[in-house]
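Enquirer: Structure provided below as structure tokens; questions to follow.
The values are calculated or read from the model by the stated rules, or taken from the named source; none is laboratory data. Note that the structure is a prediction, hence the values are computed from the model and not measured. As a convention, Cβ positions derive from the backbone with ideal geometry for all residues, glycine included, and neighbour counts pool all protein chains shown.
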Amino acid sequence: MTTATYTRARMSYGFLLTPKAIFGLIMIGALIIAGAFAPFIAPFNPARQDLLMAMTPPQLTGPHYLGTDHVGRDLLSRLIYGARVSLLIAIAVVFFSGIVGVFLGIVSGYFGGRIDSFIQKFLEVFWAFPPLLLAIAIVAFLGQSLTIVIVALASQRWIPYCRLARAETMALRDREFVVAARSLGAGHARILREHILPNIIPSTLVVGTFAMATAIISEAALSFLGLGVPPSIPTWGGMLADARAYISTSWWMALFPGLCIFLTVLGINLLGDVLRSHFDPKIKNF
Amino acid sequence: MTRMPTLRCLASAALLFGASPAALAAEEMTQQRIAVAITETLAGHNPYGDAVVLIGSLWCKVYGCLMRYDFETGRPIPFLAESMEAEDELNWIVRLRPDWVRSNGDPVLAEDVVHSIDRVRNDPESTSGFIVQPIDTAEVVDDLTVRITTHEPTATLADNLTLLQITSKRLYDEHGQSVYRSHPIGAGPYRLSELSIGSHMVLERVDDHPMVAPSNPQQIMYRIMAEPEARVTALANGEVQIAQGIPPQLIDRIEQLPNARTEFANSVEMMFLAMNPATAPWDVKEARQAVAHAINREGIVRALLGDRATLLDGPVGEGQFGFDPDFKSPYGYDPERARELLESVDLVGVEIDFYTPVGRYTADRQIAEAMVPMLEEAGFSVNLRTPEWATLWSNVQTGGVPFYYMGRGQMLDPSRALRQYFETGGSPRLEFSDPELDALLQAERAAFDPDERYGLMRQAIAKLTEEVPAHFLWLHQMAWGVAETVEYTPRQADRVDGWDIHIRTAP
Amino acid sequence: MLAFTVKRLFGVIPVLLVVSLMIFALMQAAPGDPVSMLVSDEASAEDRERIAAAWGLDQPAPVQYANFVKNAATGDFGTSFRYREPVMDLVLARLPASIELALYATLLAIAVGIPLGVLAAARPNSVFDTIGSIGGFFGISMPNFWLGILMILIFAGYLNILPSGGREPWGLDLPRITGFLTLDAVLQGRWDALVHALRYLALPTIVLGTAMTGIIMQITRASMLENLGEDYVMTARAKGLSNRVVLWRHAFRNALVSVITIIGLEFGALISGAIIVETVFSWPGIGLLLIQGITFRDFPLITGLVLIYTTLFVLLNVFIDILYTIVDPRIRMR
């Protein structure tokens, strides 16, 4: 492989109309639309039970295209409604924890010294802390709700961003272009914003995509202990938790929510790739 | 393990000569060992410190208890005791067997019984003081005789004593609190050979113990396996021979295995919907009755429990004290009647919070989910709450949870449980109070003649069922996976006693 | 560097104090009391009082905390309510199992994830890259319990070549030296035991390693791509260095900082959070201990465990900071 092919490969990331981008946009768009217009799309009321139809396998000809769960609720309808809460949780957790984590990370890595040591101590306090315990305590004061899930999950999710941003910032802070900018009189804020931040976006995006999947799945763990979203609201995580008991007998109950998470992660990643090449300063070298 | 071929040889030789294999087996103790996959945790070495019923019964097997439950007759029978007789209403004389000794040769003495009663009551680690709650004093009469005096006439004392392990006073005096770890020496048919907290426990047969049969396994490992699929798989590939807690949806998988089968035992844990009459709307009897009529128990049992449950008319089922096959609950499934009742007291649309544990009982959350539309059809507006177990359980114990799905185990004899939940001042769990029921339950406890007691218990149950502070739902049928190499009939109340397990000799 | 390390290591003390205070406050705030969880279903009011008094739970919260700190300072983290053993003994008995599993899972993820990531970066958007990425996302989207049970059904059930759970066979009889079974087996030349230990490790390792492989591959790929665009790589290529040398010696070395960070984070998460895998495979590790501690409101156990996690994580962070300066000499710790 030569530099030329490498360059072409980088170029083909292109802008928003590459096949990858379109694919990603369609996927995420479809999920968001499904969630937003759930009452018009879903074939059944997601809460409607029919014990006689419990655990019906997927039916190609309908009415239960993806089968039913243990109390006979339509799986497809629940997946469509579930997109609302699950996507919201995933995006909120990743967004908040990403902003906090990256900010603390670049500050920690850029300034070093006392600031670094303080921020790292702060991080260590949170890292070992069981989010489950936090969730139990918050539920006692505020009741079972979506906010708790987001707070409990985000309480630790910022840590990877912070460590990663810090490490990369430390590697960047004495590089030629940063030193040059500094000698030209650029302030710290400007250096961080214009020279450091763009360079740590790619790895942050990777962490973010994976964090989306884990956020959706972790919601299931909280639901399982009765700390998640109230049980009447369908979520992909909650559906996975329900499916656990029936894995060897009703595979569809676990497979389809899992696939939805997969599509979300894949779609976000494709979009992320596109955004990255759009904002990456080095792309302009080509 | 390696002795099997020899055994088989001998067995076939014996058949040739006309001797019965059973007679031959009596000469040769089987050397087989088996593993049992269990679901609950294992808290440690102190026999008085484990609140898990199954583990408590294992400690009875190691140390020996005064009495044990005979599942054939449904009554307690002597174990370490030779006899237990009432002197009068308050005093009992327990005589110990002179011939059963601890595995270090020490006899089991009257002072050990007094010591054990003291330990279960006063050991700071003990979780089971309730066992000796009715006991006022216990005194040594002679080496093998104890007099137990109760606070009030207590006909069910023998049932309590099936749960009391008799540990050695001498060893405790020598070694103190660490004795359970360093010298777990008992007079039971199995001895402790290994224990790893939260993981497994190995018991070894005491070969010359009178309760042991030659075909009882030489070693039994009780191994905690939390995941049902893993228990079934381990049974299939021979890693374990007995598996506890097979969920309904996996029973078919075991039935299809060539090397294992399922056996069933009715649990003695009543599952019920508790409605706390100190909270609205459960202070209105019609609302409680509406719940009882609204639940389609048959439908739930069929769809979610694979028909593996016995519907209850009242708090007890077959095999439990007080069961009357002719008694029928007045509250069958009748959604229209439920609605009418709710309308008659103008409560249609009343908002209720419905609490269920998650992952505590077979399909608990699923069952509660299925009940929601049934209750709504009757006119309730239901919020299903699924608090984390410790939160719910603490709140139930300290009182104030209005409406919940729950089980109450250890009900071979329902006396203690009914008192706890339904007698005035029994516990804060339900805050139900009815003078007539109180009188019946008190009379029942004090009745020493079993037939008279049975009659009173039946009356109490009829009254209780009619008042519906709780709607009694069903007893789960506990499914156990059992390997074909093993003869084992599961018992009620989670007992997996070594003397009940027999290794099948090869045909 | 030495000064930095020493300073960081001493920094663990205030961190531990803050963590213990937070845990204590949260446990006081959380509903559900340890007494209710300890007593049997049949317990009477007297039982409850006796147990509360025995564990000092009838004391006011500040007194309880003061007692805890006083004892902890002497290395005594108290006795578990439920298991009635010193918390330290309980944790130390199980910690090796967790660390051993985490180590093997991490090794697996590194061995698979890094080469795949480097190759994907060398040919971005190739079929290989696409399949690798999709596989990684698939791995993370399928929850651990699903993968774990599937593995048990296939390898322990259908194929019947691996055990369904646990850490060692009954009667392995391997004296413990370090607590790491594979290491103990090698030290004592017990090859049979080594094979057993590895067989029991196989399935949980694969399940834990799968998600981690995905993220390591992706982070390697992303950092490599970043570095392959840098001037020094251009220079290296212009100097006529072989593609392999450029990829591994130059680009990969610079990508290592991010990769090491992620490995450290994931390893930490594995030590503390392999709860589902430990449940599914009956693995006697400390993740399960923490969950049981929380469900039983076993305050000493929770506090002890969290403080041990904290210490481990601080050590891990210091170790990784030192690694940074080794792989990238431009990084200095101040």
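This table checks each residue for (1) in contact (Cβ under 8 Å) with a residue 60 or more places away in the chain; (2) within 14 Å of chain C (Cβ to nearest Cβ).
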| residue | (1), (2) |
| --- | --- |
| B:GLU239 | yes, yes |
| B:ASP252 | no, no |
| B:ALA260 | yes, yes |
| B:SER267 | yes, yes |
| B:LYS285 | yes, no |
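Enquirer: Oh, and also: So, of the residues in region C:122-172 that are touching a residue at least 60 places away in the same chain (Cβ under 8 Å) and more than 28 Å from the chain's Cα centre (by Cα), which turns out to be farthest from the other protein chains (Cβ to nearest Cβ)?
Expert: Only one residue fits best here, namely C:ASP129.
Enquirer: Right, another one. Checking the structure you have, find out if any residue of region A:139-151 is without any contact (Cβ under 8 Å) to a residue 60 or more places away in the chain, within 26 Å of C:ILE13 (Cα to Cα) and of a type outside the set (Asp, Glu).
Expert: So the first thing to find is which residues in region A:139-151 are without any contact (Cβ under 8 Å) to a residue 60 or more places away in the chain, and the list is A:140-143, A:147, A:151.
Checking the rest, the ones that are also within 26 Å of C:ILE13 (Cα to Cα) come to none.
Scanning region A:139-151 turns up no residue that is without any contact (Cβ under 8 Å) to a residue 60 or more places away in the chain, within 26 Å of C:ILE13 (Cα to Cα) and of a type outside the set (Asp, Glu).
Enquirer: Which condition number in (1) more than 10 Å from every other protein chain (Cβ to nearest Cβ); (2) over 30 Å from B:LEU157 (Cβ atoms); (3) without any contact (Cβ under 8 Å) to a residue 60 or more places away in the chain is the one that B:PHE323 fails?
Expert: (2)
Enquirer: Counting only residues that are in contact with a Pro (Cβ under 8 Å, 6 or more places away or on another chain) and aliphatic (A, V, I, L, M), which one in region B:203-222 is nearest to B:ARG191 (Cα to Cα)?
Expert: B:VAL206
Enquirer: Report whether or not C:TRP283 is surrounded by fewer than 24 Cβ atoms within 10 Å (Cβ to Cβ), in contact with a helix residue (DSSP H, G or I) (Cβ under 9 Å, 6 or more places away or on another chain) and not aliphatic (A, V, I, L, M). Step through it out loud before you land on a result.
Expert: On the way: surrounded by fewer than 24 Cβ atoms within 10 Å (Cβ to Cβ): no; in contact with a helix residue (DSSP H, G or I) (Cβ under 9 Å, 6 or more places away or on another chain): yes; not aliphatic (A, V, I, L, M): yes.
Here the answer is no, as C:TRP283 does not meet what is asked.
Enquirer: If you don't mind, another one. Residue check, C:ILE331 against (1) at pLDDT 85 or above; (2) at the interface with chain A (Cβ under 10 Å from one of its Cβ atoms); (3) on the phi < 0 side of the Ramachandran plot, all met but one. Which one?
Expert: Unmet for C:ILE331, out of (1) at pLDDT 85 or above; (2) at the interface with chain A (Cβ under 10 Å from one of its Cβ atoms); (3) on the phi < 0 side of the Ramachandran plot: (1).
Enquirer: Out of all the residues in region B:162-179, which are within 24 Å of the chain's Cα centre (by Cα) and either at pLDDT 90 or above or surrounded by fewer than 20 Cβ atoms within 10 Å (Cβ to Cβ) (or both)? Explain how you work it out, then say what you get.
Expert: Within region B:162-179, the subset within 24 Å of the chain's Cα centre (by Cα) is B:162-167.
B:LEU164, B:GLN165, B:ILE166, B:THR167, listed by residue number.
Enquirer: If C:ARG190 satisfies every condition in (1) out of contact with any Phe, Trp or Tyr (no Cβ under 9 Å at 6 or more places or on another chain); (2) closer than 20 Å to C:PRO284 by Cα; (3) in contact (Cβ under 8 Å) with a residue 12 or more places away in the chain; (4) basic (Lys, Arg) but one, which is the exception?
Expert: Failed condition: (2).
Enquirer: Could you pull out the residue among B:SER83, B:SER103 that is away from chain C (no Cβ under 14 Å), touching a strand residue (DSSP E or B) at 6+ places or on another chain (Cβ under 6 Å) and in a loop (DSSP other than H, G, I, E, B)? Show your work before the answer.
Expert: Numbers: B:SER83 fails: in a loop (DSSP other than H, G, I, E, B).
Just one listed residue meets the conditions, B:SER103.
Enquirer: So in region B:238-269, with the set limited to residues that are crowded, with 23+ Cβ neighbours inside 10 Å and aliphatic (A, V, I, L, M), which one is nearest to B:PHE321 (Cα to Cα)?
Expert: Filtering region B:238-269 for residues that are crowded, with 23+ Cβ neighbours inside 10 Å and aliphatic (A, V, I, L, M), the one nearest to B:PHE321 (Cα to Cα) comes out as B:VAL268.
Enquirer: Related question: May I ask you to list the residues in region B:403-456 that are within 28 Å of B:PHE380 (Cβ to Cβ), hydrophobic (A, V, I, L, M, F, W, C) and not in a loop (DSSP other than H, G, I, E, B)?
Expert: B:PHE403, B:MET406, B:ALA417, B:LEU418, B:PHE422, B:LEU437
Enquirer: Further, regarding this structure: What do you reckon, is C:THR303 of a type outside the set (Gly, Ala, Ser), more than 8 Å from chain A (Cβ to nearest Cβ), touching a residue at least 40 places away in the same chain (Cβ under 8 Å) and over 30 Å from A:GLY113 (Cβ atoms)? Full working, then the answer.
Expert: Details: of a type outside the set (Gly, Ala, Ser): yes; more than 8 Å from chain A (Cβ to nearest Cβ): yes; touching a residue at least 40 places away in the same chain (Cβ under 8 Å): yes; over 30 Å from A:GLY113 (Cβ atoms): yes.
Against the criterion (of a type outside the set (Gly, Ala, Ser), more than 8 Å from chain A (Cβ to nearest Cβ), touching a residue at least 40 places away in the same chain (Cβ under 8 Å) and over 30 Å from A:GLY113 (Cβ atoms)), C:THR303 qualifies.
Enquirer: Check B:GLU318 against each of (1) at pLDDT 90 or above; (2) surrounded by fewer than 17 Cβ atoms within 10 Å (Cβ to Cβ) and name the one condition it does not meet.
Expert: Going through the list (1) at pLDDT 90 or above; (2) surrounded by fewer than 17 Cβ atoms within 10 Å (Cβ to Cβ), B:GLU318 breaks only (1).
Enquirer: Within region C:165-174, is even one residue among the hydrophobic types (A, V, I, L, M, F, W, C) and in a helix (DSSP H, G or I)? It would help to see each step written out before you state the result.
Expert: Of the residues in region C:165-174, the ones among the hydrophobic types (A, V, I, L, M, F, W, C) are C:170, C:172, C:174.
Keeping just the survivors that are in a helix (DSSP H, G or I) gives none.
No: zero hits.
Enquirer: Okay, next question. Looking only at region C:48-70, count every residue that is of a type in the set (Val, Ile, Thr) and over 28 Å from B:ARG119 (Cα atoms) and tell me the total. Before you say what the answer is, go through the steps one by one.
Expert: Narrowing region C:48-70 to residues of a type in the set (Val, Ile, Thr): C:51, C:63, C:69.
Among the residues that remain, those that are also over 28 Å from B:ARG119 (Cα atoms) are: C:63, C:69.
Number satisfying all stated conditions: 2.
Enquirer: Got a sec? Which of B:VAL232, B:VAL212, B:VAL240 is in a loop (DSSP other than H, G, I, E, B), in contact with a strand residue (DSSP E or B) (Cβ under 7 Å, 6 or more places away or on another chain) and either of a type in the set (Phe, Trp, Tyr) or within 27 Å of B:GLY407 (Cβ to Cβ) (or both)?
Expert: Details: B:VAL232 fails: in a loop (DSSP other than H, G, I, E, B); B:VAL212 fails: either of a type in the set (Phe, Trp, Tyr) or within 27 Å of B:GLY407 (Cβ to Cβ) (or both).
Selected residue: B:VAL240, the only one of B:VAL232, B:VAL212, B:VAL240 that is in a loop (DSSP other than H, G, I, E, B), in contact with a strand residue (DSSP E or B) (Cβ under 7 Å, 6 or more places away or on another chain) and either of a type in the set (Phe, Trp, Tyr) or within 27 Å of B:GLY407 (Cβ to Cβ) (or both).
Enquirer: Still on this structure, I have one more. Could you tell me how many of the residues in region A:222-255 are under 18 Å from B:ALA230 (Cβ atoms) and away from chain B (no Cβ under 11 Å)?
Expert: Here the count works out to 3.
Enquirer: Would a scan of region C:325-332 turn up a residue that is within 19 Å of C:PRO96 (Cβ to Cβ) and either of a type in the set (A, V, I, L, M) or outside the structural domain of C:ILE51 (by TED's automatic domain parsing) (or both)?
Expert: Residues of region C:325-332 that are within 19 Å of C:PRO96 (Cβ to Cβ), as a first pass: none.
Within region C:325-332 (the criterion being within 19 Å of C:PRO96 (Cβ to Cβ) and either of a type in the set (A, V, I, L, M) or outside the structural domain of C:ILE51 (by TED's automatic domain parsing) (or both)), the answer is no, since none of the residues qualifies.
Enquirer: Exactly one condition in (1) under 13 Å from A:GLY82 (Cβ atoms); (2) crowded, with 24+ Cβ neighbours inside 10 Å; (3) modelled with pLDDT under 85 is false for A:GLY237; which is it?
Expert: Only one criterion in (1) under 13 Å from A:GLY82 (Cβ atoms); (2) crowded, with 24+ Cβ neighbours inside 10 Å; (3) modelled with pLDDT under 85 is unmet by A:GLY237, namely (3).
Enquirer: Follow-up question, since we're still on this one. Which one is nearest to A:ASP50 (Cα to Cα), of the residues in region B:326-359 that are within 14 Å of chain A (Cβ to nearest Cβ) and part of a loop (DSSP other than H, G, I, E, B)?
Expert: B:TYR333
Enquirer: Hey, among C:SER80, C:SER20, which residue is of a type in the set (S, T, N, Q) and either surrounded by fewer than 15 Cβ atoms within 10 Å (Cβ to Cβ) or under 30 Å from B:LEU163 (Cβ atoms) (or both)?
Expert: Details: C:SER20 fails: either surrounded by fewer than 15 Cβ atoms within 10 Å (Cβ to Cβ) or under 30 Å from B:LEU163 (Cβ atoms) (or both).
After ruling out the rest, the residue left standing is C:SER80.
Enquirer: Can you name every residue in region B:376-402 that is crowded, with 21+ Cβ neighbours inside 10 Å, within 12 Å of another protein chain (Cβ to nearest Cβ), hydrophobic (A, V, I, L, M, F, W, C) and part of a helix (DSSP H, G or I)?
Expert: Across region B:376-402, the qualifying residues are B:ALA390, B:LEU392, B:TRP393, B:VAL396.
Enquirer: With (1) within 22 Å of B:ARG337 (Cβ to Cβ); (2) modelled with pLDDT under 90 as the list, and B:ALA274 as the residue in question, which single condition is left unmet?
Expert: Here B:ALA274 meets the rest and fails (2).
Enquirer: Among helices (runs of 4 or more DSSP H) lying entirely in region C:176-286, which contain 2 or more residues that are under 14 Å from the mean Cα position of the chain (by Cα) and within 11 Å of another protein chain (Cβ to nearest Cβ)? Full working, then the answer.
Expert: On the way: elements: C:181-187, C:191-228, C:231-238, C:253-273, C:275-280.
Where helices (runs of 4 or more DSSP H) fall fully within region C:176-286 and carry at least 2 residues being under 14 Å from the mean Cα position of the chain (by Cα) and within 11 Å of another protein chain (Cβ to nearest Cβ), they are C:191-228, C:253-273, C:275-280.
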